[in-house]
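Let me begin by presenting the structure, written as structure tokens, before commenting on it.
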Amino acid sequence: MKRIGMGLIGPGFVAAHHIDAVRRLGDVDVVAIAGSSEAGAQRKAKEYKVDRAYGDYKALIADPDVQVIHNTTPNYMHLPVVMAALAAGKHVVSDKPLALTPEEARTMRDAALKAGVAHTVTFNYRGNPLVQQMREMVAAGEGVNFVRGFYLQDWMTDPNVYSWRSDTAKGGATSALGDIGSHWCDLAEHVSGLKIESVLADLATVIPVRYTTGASAEAFAKGSSANRTAVNVTSEDLATVLVRFEGGVKGTFTVGQILPGHKNDVELEINSKKVSLKWRQEQQNELWIGRHDAPNGTLMKDPGLVSGEALRYTHLPGGHQEAWADAFCNLMRDAYDWVRAGGAMEAKPVPLPSFEDGYRSNCVIAAMLRSHARGNIWEKVTT
């Protein structure tokens with residue numbers, strides 16, 4: 001079996017999960033890590049049990065033993081890192097949002113297509129078996145009437161938590177929408193099979209002043225009690241959005257990261273003429289089925305009950321719970337199948353999100369920002 005060399009740039013919160021997922025594939029070697037400094041990279045390399053560490057991402061990209069670059073840097077670094085990797089002919093797995101702006105994302109998508117390499121963006125909830133089961137059931141149904149849901153977290157409830165995501169120079173003009181709203185929108189489009197055509201967004205910054213020690217905290221890290229400096233925050237931590245999908249289908253969703261008790265609470269419900277289907281990430285092994293003329297029911301994740309892509313993503317018997325990390329690994333399995341196939345577009349697994357999906361997500365979020373800035377009006381998604 002030919003081994004594949006992986007290098008990771010930006011060893012923050014999600015980096016450990018990238019490394020765990022690819023190691024589970026069996027034929028991928030984590031060759032090197034690159035950080036913002038040599039010392040920091042060495043520390044993370046030791047923590048993750050990786051032999052090589054670079055203080056410069058360009059040095060990692062130039063490493064001949066690395067064929068796939070995983071980009072887990074802050075948003076403002078996505079463009080230079082990805083473009084350098086593509087110029088070197090490397091396959092790329094990049095965290096979402098793909099870029100700070102639609103223009104940057106389009107540049108990255110076009111460069112990836114020109115390079116002819118695999119290019120994945122980590123909308124990892126597509127990797128859940130029951131998400132794929134839901135998608136199959138929607139496609140086999142009799143049309144979609146309504147789409148609703150939310151993505152709620154509480155890790156930024158404390159004003160003493162200050163992340164680079166709150167810094168518009170590093171995270172971009174959006175915080176909660178770009179970080180987790182992008183996940184929900186991609187999930188809604190992927191499962192429903194419908195594109196979002198226009199949006200009406202109402203954004204809020206519930207905590208406009210945060211306090212920082214000067215170092216940007218990793219996501220979900222607890223703050224220290226050291227002396228802090230006040231920082232004014234302008235990006236949103238709460239948003240409610242009305243959406244219109246193609247074909248006139250309507251929807252609504254809420255995003256927030258300052259909502260106590262909601263740890264990683266993602267929900268998507270799709271209502272059709274005959275049934276309603278609802279999947280919730282924190283109970284991800286259950287798919288609720290609602291009916292008006294028969295008892296409601298719950299489809300449990302079970303290889304004997306699911307079909308299609310859901311069956312391919314189900315690795316344990318019924319009653320054996322699969323979790324967030326397993327879904328993330330499913331995404332990486334598809335990404336590396338595409339790598340092994342050379343990156344040709346026709347070889348991309350159907351559920352796998354590419355830079356095209358990342359570009360579209362940037363366009364959807366940009367429309368929401370325009371909608372709010374123009375006084376909460378309907379705004380078309382332009383691509």
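The values are calculated or read from the model by the stated rules, or taken from the named source; none is laboratory data. Remember, predicted model here, so these are calculated numbers, not experimental data. A quick note on method: Cβ atoms are made from the backbone with ideal geometry, for glycine too, and the neighbour counts reach across all protein chains shown. Remember, those area values only see protein heavy atoms, side chains included, never the ligands or the DNA or RNA. Shrake-Rupley method; radii C 1.70, N 1.55, O 1.52, S 1.80 Å.
Here Met1 passes the criteria (1) modelled with pLDDT of 95 or more; (2) of a type outside the set (D, E, K, R); (3) more than 22 Å from the chain's Cα centre (by Cα) except the one numbered (1).
Quick check on the range 306-361: of everything there that is part of a loop (DSSP other than H, G, I, E, B), aliphatic (A, V, I, L, M) and open to solvent by 40 Å² or more (accessible area, probe 1.4 Å), which residue is nearest to Ala118 (Cα to Cα)?
Ala341
Residues in the range 18-36 that are farther than 15 Å from Val339 by Cβ and either touching a Ser or Thr at 6+ places or on another chain (Cβ under 9 Å) or open to solvent by less than 10 Å² (accessible area, probe 1.4 Å) (or both): Ile19, Ala32, Ile33, Ala34, Ser36. Would you mind finding the one in Thr298, Thr383 that is more than 17 Å from Lys195 (Cβ to Cβ), among the β-branched types (Val, Ile, Thr) and open to solvent by 10 Å² or more (accessible area, probe 1.4 Å)? So the residue among Thr298, Thr383 that is more than 17 Å from Lys195 (Cβ to Cβ), among the β-branched types (Val, Ile, Thr) and open to solvent by 10 Å² or more (accessible area, probe 1.4 Å) is Thr298. A search for C-beta distances below 8 Å between a residue of the range 189-201 that is more than 14 Å from Leu277 (Cβ to Cβ) and of a type outside the set (A, V, I, L, M) and any residue that is assigned to a helix (DSSP H, G or I) and modelled with pLDDT of 95 or more, counting only pairs 6+ apart in sequence or on different chains, returns Glu189/Arg360; Lys195/Glu189; Lys195/Glu246; Lys195/Arg360; Glu197/Glu246; Ser198/Ala367. Output yes when any residue across the range 143-156 is in a helix (DSSP H, G or I) and either among the small types (Gly, Ala, Ser) or open to solvent by less than 20 Å² (accessible area, probe 1.4 Å) (or both), and no when none is. Among the residues of the range 143-156, not one is in a helix (DSSP H, G or I) and either among the small types (Gly, Ala, Ser) or open to solvent by less than 20 Å² (accessible area, probe 1.4 Å) (or both), which makes the answer no.
Looking only at the range 100-112, decide whether some residue is at pLDDT below 95 and either on the phi > 0 side of the Ramachandran plot or of a type outside the set (Val, Ile, Thr) (or both). Checking the range 100-112: not a single residue is at pLDDT below 95 and either on the phi > 0 side of the Ramachandran plot or of a type outside the set (Val, Ile, Thr) (or both). Considering (1) part of a loop (DSSP other than H, G, I, E, B); (2) farther than 30 Å from Leu113 by Cα; (3) touching a residue at least 60 places away in the same chain (Cβ under 8 Å), the lone condition that Pro303 does not fulfil carries the number (3).
Residue pairs whose Cβ atoms lie under 7 Å apart, separated by 6 or more positions or on different chains, with the first residue in the range 1-25 and closer than 21 Å to Ala39 by Cα and the second open to solvent by 30 Å² or more (accessible area, probe 1.4 Å) and among the aromatic types (Phe, Trp, Tyr), are Ile9/Tyr57; Phe13/Phe220. Of the residues screened, Ala39 is one that is surrounded by fewer than 16 Cβ atoms within 10 Å (Cβ to Cβ) and in a helix (DSSP H, G or I).
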